[in-house]
Amino acid sequence: MHHHPTDPLTALLLDRRRWLRLAGGSLAGALGMGTLSALAPRVASAQEAYKALVCVFLLGGNDGLNMVVPTDLTRHDLYAAVRGALALPRGSLASLTGTDYGLHPSMAALATAWTDGALAPVFNLGPLRAPLTKAQYLAAAESALPDNLFSHSDQQLLWEAGGGSSVERTGWGGRAAATLGTANPVISVGGNGHFGLSDLTSPLVLPEPGSTFGLYGYDGNWSPDLARRSALAALYAQPQSDTLVEAFASQQRDAFAVADRLGPLVELRPGDPGSSSVIDAAFAPLIDNHDIASPLGTQLYQVAKLVWQNATVRGNRQLFLATQGGYDTHSDQIAGDAMGGSHADLLQELAQAMACFHAAMKGLGLSDRVTLFTQSDFGRTFAPNSSRGTDHAWGNHQLVLGAAVQGGLTYGTYPELVLAGPSDVGDNEWDMHGRWIPSHSVDQYAATLLSWFGATSAQLDTILPNLANFGSVRNLGFMQA
């Protein structure tokens, strides 16, 4: 039964609640958060040194088999025989000196990071519920396998969430932030990804440099806007007798505080008064006037600023998310030659942005405190399709960057380059595509990063519930202690 109030006091309360609801949506929505109370500063131990993790998600399924290629003659011959027109000539690869591997030629910008010992490939990772051999895969019930293999949306979610269930509503970054009690949720410069979701918070989504971050339409110096903003602040400051309304008002107060604190930093572009000359110099190869001529470079420039001013951002543990799209290369992956094409362009953008970010962290003296790592939906088929592209697969290679990386080495297990062999899910002639069964899991990859980040063994089990299924192999060894 609906109650229709007629007394003036009740009507006034309803009007105020309606105003809270309408006015609050603008700022909370702009911040991209479901719960803003997590942004309140927490007291961190002065003994804990600052650390940050930066996830770069390659949307669409990066062809890791052409990102990191074996250079020894035996395996390169196997690779070239199957890959055909997609094969990268052995002499064209950017050398990973000291190993039997090279990077795609368009990734030469990462040569300095490799020489610095700050870069490591990690081979054949993917979503798993537990370790899995080919025989186990062929005999397994569907419930023993990750959900909906080879599907973009499901495998993106499994990489972001960890584990093998596509109905997991939280991401491993969000769970890490919640479990470790970071001052902020995951900070995303690449959209509202699943990686940053926890039970109570969404990522803090920031716009690109040069953009306004705050209460849109109330951020100028025009006196009516200032008056409206002042009125809103006064309204939210009033104590509320209703618990739900008070919680909502508290979120809005937090939102105003975060926008006031971060807005000027978010807005800074290269060369602006107050920008970092160190960061601007590091990103100089990508800077065009006051802008960065690279979508991913723009995101990593924003992250670099937030790392630089980490005391303003608050907290000695920060997690970031950036994204790069375009990796669903079903056709014309090389566009006519092995040195060009869509995949080469994507990897060049990735390598240049990573190289600039690495230079910025070195210049700031924070390279050993900030670790960047890639994730992607899945790898792509070893055998190309009839459209000079590759199709959806499973295991994939990733890159980890930072002075805390045990660089100059490779990690994980490179798959056997034999169609229908021990690494390939295919067992029949019609299914011989080279969709590698991962040798290690997303959970183990995440656990290695989070262990460096400061998570205890017990906390890792909370953040990554499937980690226990991998026994003693909880750390893949690519991070320094």
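Quick notes
- In summary, Arg169 fulfils each of the numbered conditions (1) modelled with pLDDT of 95 or more; (2) in contact with a His (Cβ under 9 Å, 6 or more places away or on another chain); (3) at negative phi with the single exception of condition (1).
- Considering (1) crowded, with 22+ Cβ neighbours inside 10 Å; (2) in a loop (DSSP other than H, G, I, E, B), the lone condition that Ala49 does not fulfil carries the number (1).
- Flag for Trp394 being closer than 28 Å to Ser95 by Cα and either in contact with a Lys or Arg (Cβ under 6 Å, 6 or more places away or on another chain) or not charged (D, E, K, R) (or both): yes
- Selected residue (criterion: surrounded by the most Cβ atoms within 10 Å (Cβ to Cβ)) from residues of segment 254-278 that are touching a residue at least 24 places away in the same chain (Cβ under 8 Å) and within 15 Å of Ala359 (Cβ to Cβ): Pro270
- Residue list for segment 378-393, restricted to those being in contact with a strand residue (DSSP E or B) (Cβ under 8 Å, 6 or more places away or on another chain) and of a type outside the set (Ser, Thr, Tyr): Phe378, Gly379, Arg380, Phe382, Asp391, His392, Ala393
- Residues located in segment 308-338, provided they are out of contact with any helix residue (DSSP H, G or I) (no Cβ under 7 Å at 6 or more places or on another chain) and closer than 19 Å to Ser276 by Cβ: Asn310, Ala311, Arg314
- Filtering segment 362-375 for residues that are out of contact with any strand residue (DSSP E or B) (no Cβ under 8 Å at 6 or more places or on another chain) and without any contact (Cβ under 8 Å) to a residue 12 or more places away in the chain leaves a non-empty set.
- Screening segment 69-89 for residues that are among the hydrophobic types (A, V, I, L, M, F, W, C) and touching a residue at least 60 places away in the same chain (Cβ under 8 Å) and picking the one that is nearest to Leu103 (Cα to Cα) gives Leu88.
- Of the listed requirements (1) out of contact with any His (no Cβ under 6 Å at 6 or more places or on another chain); (2) free of Cβ contacts under 8 Å to residues at least 60 places away in the same chain, Leu296 misses just one: (2).
- From the options Asn385, Asn466, Asn475, residue that is touching a Lys or Arg at 6+ places or on another chain (Cβ under 7 Å) and either farther than 23 Å from Leu110 by Cβ or in a loop (DSSP other than H, G, I, E, B) (or both): Asn466
- Cβ-Cβ contacts under 6 Å between residues 6 or more apart (or on different chains), taken from a first residue in segment 103-118 that is in a helix (DSSP H, G or I) and crowded, with 24+ Cβ neighbours inside 10 Å to a second residue that is among the polar types (S, T, N, Q) and at pLDDT below 95, are absent.
- Subset of segment 287-320 (residues that are in contact with an Asp or Glu (Cβ under 8 Å, 6 or more places away or on another chain), part of a helix (DSSP H, G or I) and buried (at least 20 other Cβ atoms within 10 Å of the Cβ)): Leu296, Gly297, Thr298, Gln299, Gln302
- In the set Thr390, Thr374, only one residue is β-branched (Val, Ile, Thr), more than 23 Å from the chain's Cα centre (by Cα) and under 25 Å from Leu157 (Cα atoms); that residue is Thr390.
- Yes/no for Ala281 being surrounded by fewer than 19 Cβ atoms within 10 Å (Cβ to Cβ), free of Cβ contacts under 8 Å to residues at least 24 places away in the same chain and more than 16 Å from Leu206 (Cα to Cα): no
- One residue alone among Ala141, Ala178 is assigned by TED's automatic domain parsing to the domain that holds Thr448 and more than 23 Å from the chain's Cα centre (by Cα), and that residue is Ala141.
- Summed over segment 193-224, residues that are at negative phi, touching a strand residue (DSSP E or B) at 6+ places or on another chain (Cβ under 8 Å) and at pLDDT 90 or above total 7.
- Looking only at segment 355-403, residues that are at pLDDT below 95 and surrounded by fewer than 20 Cβ atoms within 10 Å (Cβ to Cβ) come to 5 in all.
- Failed criterion for Leu128 (all others in (1) in contact (Cβ under 8 Å) with a residue 60 or more places away in the chain; (2) surrounded by 18 or more Cβ atoms within 10 Å (Cβ to Cβ); (3) in a helix (DSSP H, G or I); (4) of a type outside the set (Val, Ile, Thr) hold): (3)
- Test: residue in segment 452-459 that is part of a helix (DSSP H, G or I), assigned by TED's automatic domain parsing to the domain that holds Phe382 and aromatic (Phe, Trp, Tyr): yes
- Scope segment 416-445; condition out of contact with any Asp or Glu (no Cβ under 8 Å at 6 or more places or on another chain), crowded, with 23+ Cβ neighbours inside 10 Å and assigned to a loop (DSSP other than H, G, I, E, B); matching residues: Leu417, Pro438
The values are calculated or read from the model by the stated rules, or taken from the named source; none is laboratory data. Model, not experiment: these values are computed from the prediction. Glycine gets a Cβ as well: all are built from the backbone with ideal geometry, and neighbour counts include every protein chain shown.
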